[in-house]
1. Taking residue 90, is it surrounded by 14 or more Cβ atoms within 10 Å (Cβ to Cβ), assigned by TED's automatic domain parsing to the domain that holds residue 236 and farther than 22 Å from residue 222 by Cα?
2. If residue 80 passes every condition in (1) over 16 Å from the mean Cα position of the chain (by Cα); (2) modelled with pLDDT of 95 or more but one, which one does it miss?
3. Looking at this structure, is residue 31 surrounded by 13 or more Cβ atoms within 10 Å (Cβ to Cβ) and at pLDDT 85 or above?
4. Looking for something more than 21 Å from the chain's Cα centre (by Cα) and surrounded by 16 or more Cβ atoms within 10 Å (Cβ to Cβ) - is there at least one such residue anywhere in the range 51-69?
5. Consider residue 207 carefully, then state whether it is under 18 Å from the mean Cα position of the chain (by Cα) and either modelled with pLDDT under 80 or crowded, with 20+ Cβ neighbours inside 10 Å (or both).
6. Return yes when residue 72 is at pLDDT 95 or above and surrounded by fewer than 19 Cβ atoms within 10 Å (Cβ to Cβ) and no when it is not.
């Protein structure tokens, strides 16, 4: 059948229909990665707060529906419209399950970016930080809504312009959130001990690692959507992949709390280890989600201070030392950090 298409028809086949199939394969493959991440989350964090577990369940539903839609698009175009190239191409504009794919992906992107926006506020302890970034995130989603309207109207130039606005906003929001989170983490590194600095370095590295894949994919999507406008939609491939990369980054960040806790507990001094060994297994110090918002810094000068993540300066003490001869014992206040 491929040999019967020549010239422009063959270009349509390769640059319009085939990208949907490749994007669908990537969608299913990355869904497999997400299934493993979801399984790890529900096995590792059974004591998480209800809202976080509900957020993960919602992500399960959204990504599963996205995968099913990708499979349906591929089946209809490749099987039901087999041999009808013009009809298969027209599905990009007239069928809701295909013309709405970008908006489905943008909704998942918006959902995940909202989580990272919450994480930024939790770490910085400053709500105003979220206002400019949140504005960009909302504008990115609204831009995709407008682009979807123009898809139904088959208005190529406006589709191109509004997709550029959507993808550019997604990339900008990622950069702003990543840099802001890293800045506030690094500020908490000042005047802290080596184990705290190691913890902060781990969180900063985690922040960049989780943001990089989605940012690269959004950039590639933007380039392809502008370099090949009109009826050729090679950008469908990264567009199908982008929401799954966002979802993977969210689950990667949530599941990495287990490793962050290990880093947090591995560098304590011997005196603090003896004092806290009895409660290390039950302490719910969710550093990544800002449930604490502070890091306890154990100093060897018989003081234990709390360093606020937002300011990086010492705050009120909630751990006291009582000296008894050559040794010291730690009395922890009832208030958990």
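1. Details: surrounded by 14 or more Cβ atoms within 10 Å (Cβ to Cβ): yes; assigned by TED's automatic domain parsing to the domain that holds residue 236: yes; farther than 22 Å from residue 222 by Cα: yes.
In short, yes.
2. Among (1) over 16 Å from the mean Cα position of the chain (by Cα); (2) modelled with pLDDT of 95 or more, the lone unmet condition for residue 80 is (2).
3. Yes: the conditions hold for residue 31.
4. There is at least one residue in the range 51-69 that is more than 21 Å from the chain's Cα centre (by Cα) and surrounded by 16 or more Cβ atoms within 10 Å (Cβ to Cβ).
5. Here the answer is yes, as residue 207 does meet what is asked.
6. Working: at pLDDT 95 or above: no; surrounded by fewer than 19 Cβ atoms within 10 Å (Cβ to Cβ): yes.
Criteria not met by residue 72.
Residue by residue, here is whether (1) out of contact with any helix residue (DSSP H, G or I) (no Cβ under 8 Å at 6 or more places or on another chain); (2) farther than 21 Å from residue 238 by Cα holds:
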residue	(1), (2)
68	yes, no
81	no, yes
87	yes, yes
92	no, no
106	no, no
116	no, yes
119	no, yes
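The values are calculated or read from the model by the stated rules, or taken from the named source; none is laboratory data. Quantities reported herein were computed from a predicted structural model and do not represent experimental measurements. Cβ atoms come from the backbone with ideal geometry, glycine included; neighbour counts cover every protein chain shown.
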